[in-house]
Amino acid sequence: MQIANDPVFHRADLAQYFVDYIKSPDASSGLFLAAPRRTGKTTFIKEDLMPLLRDQGATVIYADLWEDKAINPSQVIINAIRAAMSANEGLITRTAKGAGLTKFKVAGFEVDLAAIGAHDGISLARALESFALATRKAIVMVIDEAQHAQTSEEGRQTLFALKAARDAMKGAGSPGFRLVATGSNSSKLATLVNAKDQAFYMAPLEDLELLGMDYLAWVLQMSALRQKPTLSALRQGFEMCCHRPEPLRAVLRELGRVRSDAAVAPDALDARFLALMRQNLQAARDSFLQGVHGMAALDACVLRRMALLGKDFTPFDAAALAHYRQLLEADGSTPELPTQSSVQSALIRLQKEGLVWNAGRGVWLIEDTQHSEWIRASLSAQT
């Protein structure tokens, strides 16, 4: 049996723009790209940017820090580097033997290169430098959801090791090194570039262009629907679901299941499509808010305060504790006064549920920006 894959919408011009930038001196500090979750960021990185980088002669190493959150981010990055080296075993073997190396260490983890003929300890920076010289290719390290490197000390130290690799490969005789880091939103990625104690301080941070009208025209062209909504209606629906392809495709599938032998007027079909979009989004919103309502009272209040304040959220000061109490009283709860300890426990529970993210140093953010929007809208509706 052969299973057909979903067709991919390619953004060749956007990929070329970023490849040209990555090759330029302006990208020597790295490139950080932000886009909301499920808006096509990873598809663009894997299907357009990385293949073009390889076509241009770079060795591309890809690490997804969300692939398995149980693994330390540092280990995920090291595993990706080890896999890339193993794929070039012959060159690495010759280089390693010439240098008398067997393994390298970084951030408390040891990667043994004995399987590909290495001989002694080597830093991550030196290993990558040797890799680039052996292959005579520039290395582009792509880290998807790079903000999760901040969730462990080893992850933070690995970013510094990559910075050392970047610095080591700036010389005229080196093929060069570039870091491309992506994240779910600008606030999360900004924690990696805005503070002086971060490895890639002052690296450029850009919002990845969202899918637009050319994507929607392609969706209509690829659709097997007998009757299709207009491009204008598709644009309205796409804006409703925050430019996320999955909800759009789900509504189009549902529209196709509405069987009718009679032709439907374009206006009526558009109205039906937009009504289905509203219903589906309302169902997802209601399900999420119902889950928030069913949480422990303090957990829900912490999440609401976080949604209201965003990057200005403070969890433990006097103003925060007073706000939690106000929210609890508004919900009709009469518990003991919130304390730093009880708030910390609430944050840990929310983190285990995958609802919030801890960037370290007291910085907490909601994982999904749409969840923040839903919470803020529900609070506004109550006032």
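Of note:
- Among residues of the stretch 77-86, those that are closer than 18 Å to T151 by Cα and either open to solvent by less than 20 Å² (accessible area, probe 1.4 Å) or touching a Pro at 6+ places or on another chain (Cβ under 7 Å) (or both), counted: 2
- Of all residues in the stretch 139-182, exactly one satisfies the criterion of being under 21 Å from E47 (Cβ atoms) and among the hydroxyl-bearing types (S, T, Y), namely T182.
- Of all residues in the stretch 339-372, exactly one satisfies the criterion of being without any contact (Cβ under 8 Å) to a residue 12 or more places away in the chain, part of a helix (DSSP H, G or I) and either of a type in the set (D, E, K, R) or on the phi > 0 side of the Ramachandran plot (or both), namely K352.
- Pick from the stretch 267-291, criterion at pLDDT below 90 and under 15 Å from R235 (Cα atoms), ranking: nearest to the chain's Cα centre (by Cα): L269
- Of all residues in the stretch 164-186, those satisfying the criterion of being surrounded by fewer than 21 Cβ atoms within 10 Å (Cβ to Cβ), over 8 Å from A34 (Cβ atoms) and of a type outside the set (A, V, I, L, M, F, W, C) are D167, K170, G171, G173, S174, P175, G176.
- Considering the conditions (1) at pLDDT below 90; (2) open to solvent by less than 30 Å² (accessible area, probe 1.4 Å), A300 is excluded by exactly one of them, (1).
- Qualifying residue in the stretch 177-194 (condition: aromatic (F, W, Y), modelled with pLDDT of 90 or more and part of a helix (DSSP H, G or I)): no
- Entry remark, the stretch 44-59: residues being buried (at least 21 other Cβ atoms within 10 Å of the Cβ) and not charged (D, E, K, R) number 6 in total.
The values are calculated or read from the model by the stated rules, or taken from the named source; none is laboratory data. All of these numbers come straight from a predicted model, not from anything done at the bench. Note that we place each Cβ from the backbone using ideal geometry, even for glycine, and neighbour counts take in every protein chain shown. Calculation scope for accessible area: heavy atoms of the full protein, side chains included, ligands and nucleic acids excluded. Shrake-Rupley method; radii C 1.70, N 1.55, O 1.52, S 1.80 Å.
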